[in-house]
1. If residue 302 satisfies every condition in (1) in contact with a strand residue (DSSP E or B) (Cβ under 6 Å, 6 or more places away or on another chain); (2) closer than 28 Å to residue 275 by Cβ but one, which is the exception?
2. Looking at segment 291-323, which of the residues that are without any contact (Cβ under 8 Å) to a residue 40 or more places away in the chain and assigned to a loop (DSSP other than H, G, I, E, B) is surrounded by the most Cβ atoms within 10 Å (Cβ to Cβ)?
3. Need at least 1 residues that are surrounded by fewer than 18 Cβ atoms within 10 Å (Cβ to Cβ), touching a residue at least 40 places away in the same chain (Cβ under 8 Å) and within 16 Å of the ligand (Cβ to nearest atom) per element, so show me which strands (runs of 3 or more DSSP E) inside segment 89-200 make the cut, counting only ones lying wholly within it.
4. So residue 23 fits all but one of (1) in contact with a helix residue (DSSP H, G or I) (Cβ under 9 Å, 6 or more places away or on another chain); (2) away from the ligand (no atom under 16 Å from the Cβ); (3) part of a helix (DSSP H, G or I); what number is the exception?
5. Can you find, within segment 324-376, the residue that is farthest from residue 164 (Cα to Cα) among those that are out of contact with any helix residue (DSSP H, G or I) (no Cβ under 9 Å at 6 or more places or on another chain) and assigned to a strand (DSSP E or B)?
6. Suppose the filter is within 16 Å of the ligand (Cβ to nearest atom) and within 20 Å of residue 146 (Cβ to Cβ); does residue 48 pass it?
7. Residue 258 is checked against (1) surrounded by fewer than 19 Cβ atoms within 10 Å (Cβ to Cβ); (2) in contact with a helix residue (DSSP H, G or I) (Cβ under 7 Å, 6 or more places away or on another chain) and fails just one. What number does that condition carry?
Ligand SMILES: [Zn+2]
C-alpha cells in the first residue's frame, strides 16, 4: 500500500479550478492525523500542505509555513493589498481521521451516483475544495480592488484537539475581520457553538481491609459525591444558564477509575469530565466550583486530598445573526438558490480558538457532518458545487459587488 500512495502523488500540480477534480486530488493525498495511526505512509499533513502551497502559490498567494510539529506544518496564504482595508480569512483543517474499517478505498477517490467517496471527502477536504474553487480570477481581482486581503489558512491537528488553529492564534500568525471555518454544515451557517472544557480530578482516600471499611476512607465514595455535585451544577438550577441558539450546557463524565481490589477500601480515584459551556459561562468559574466542592469535602473529612488538571480548553463563540458575515453568506446562498439555515451546534471546531482573533466568525461548508468519520465517507457533488457558488457570492458581495 505504501508505495502505491507515493506513486500517486507525483504529477499532482495542475492548477485545476474544477471542484470535483480538485477534491479528487485532495482526497488522494493521505493526511491522517498521526495520533490516530502509526503508518507513516498515510499520516501527517505535510504532503497535503505541499500541494496546497503549489496550488495557492499558482493563484498569486504569498505563502508562510508554520512548522507546528515535525512534518506537521500549518500553512498561511495571503493575497491582496498590504496594508489592507479589511481582511477575510477562510480556514480548513488538513488532517483526517484514520481509515481503519473503511469499506471504500480511502485515498482512491471514486465518483458515482452523484457522490465522491474517500477519506476526507466531506470532513473537510470537500469544504476546502469548495473554497479554493471559489478563488477565480474575477473574485480575487474584485477583492484586491476593494482593498481586502484574502487569507487561506490550512491548520494541522484539528481532529485531536484543534492544535493547529490554537497554534496559529498563540503565535499571532493570523487575524481577520471576518472568518469562515470550512466544515461540512450541509450549507447551513453555524454562527455559534459551545466551548469544551475537559478536565481530570484525582482524589485520595485511605486504604483499609474491605471487611473493615470504617478504618479507611473510600476515594470512590468521595468521587461519587463530587460527581453528583458537578451534575447538579449543570442541571440543578431550574431556568439556569440557557442560550437562545445553543440551549443548555452539558456535562459528561467520560472515564472513572479507582480502587485496587474488591476487598480493599480504595485509596485513589480518578475521573475525566467533558463540560460543554455556553458563550456567557467562564471556564474559571466552572473549575472554581469544582475546586470549592472538593475543598469542602476534604474539610468535612470525606477525602484526604485532591487535584484538578485541565486536559483541554476550547472557548465557545457566538457571532450575531445580524453581522455582515452572516448576512452576506446568507444572501450569497439565496443567490445560489439555497435557503441556508442559521443557528448553533453542539460540536466543536477551529472556530473556537480562531474566534479570539477574528471580529466575526462562522462555520460553513458543503457536505453533512453525518458522513464525517464514516466507513464510506462521501460528499454529494451537488452540495459541493453549491458550496463553491455560495462562497464565491459571499466573497464578491464582501468586495462590494451586488451581483454575484
Ligand atoms: Zn472537520
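1. For residue 302, the failing item is (1).
2. We begin by selecting, within segment 291-323, every residue without any contact (Cβ under 8 Å) to a residue 40 or more places away in the chain; these are 291-292, 295-296, 298-300, 322.
Keeping just the survivors that are assigned to a loop (DSSP other than H, G, I, E, B) gives 300, 322.
Working: 300: 10, 322: 7.
Among residues in segment 291-323 that are without any contact (Cβ under 8 Å) to a residue 40 or more places away in the chain and assigned to a loop (DSSP other than H, G, I, E, B), the one surrounded by the most Cβ atoms within 10 Å (Cβ to Cβ) is 300.
3. On the way: elements: 110-112, 115-117, 148-155, 176-182, 189-193.
Because the criterion is at least 1 residues that are surrounded by fewer than 18 Cβ atoms within 10 Å (Cβ to Cβ), touching a residue at least 40 places away in the same chain (Cβ under 8 Å) and within 16 Å of the ligand (Cβ to nearest atom), no strands (runs of 3 or more DSSP E) in segment 89-200 meet it.
4. (2)
5. Restricting to residues being out of contact with any helix residue (DSSP H, G or I) (no Cβ under 9 Å at 6 or more places or on another chain) and assigned to a strand (DSSP E or B), the top hit is 343.
6. Values: within 16 Å of the ligand (Cβ to nearest atom): yes; within 20 Å of residue 146 (Cβ to Cβ): no.
No.
7. The single condition residue 258 does not satisfy is (1).
Any read-out appearing in this document is the output of simple, stated calculations on the displayed coordinates, not a laboratory observation. Here the structure is a predicted model, which means the values were calculated and not measured. As a convention, Cβ positions derive from the backbone with ideal geometry for all residues, glycine included, and neighbour counts pool all protein chains shown.
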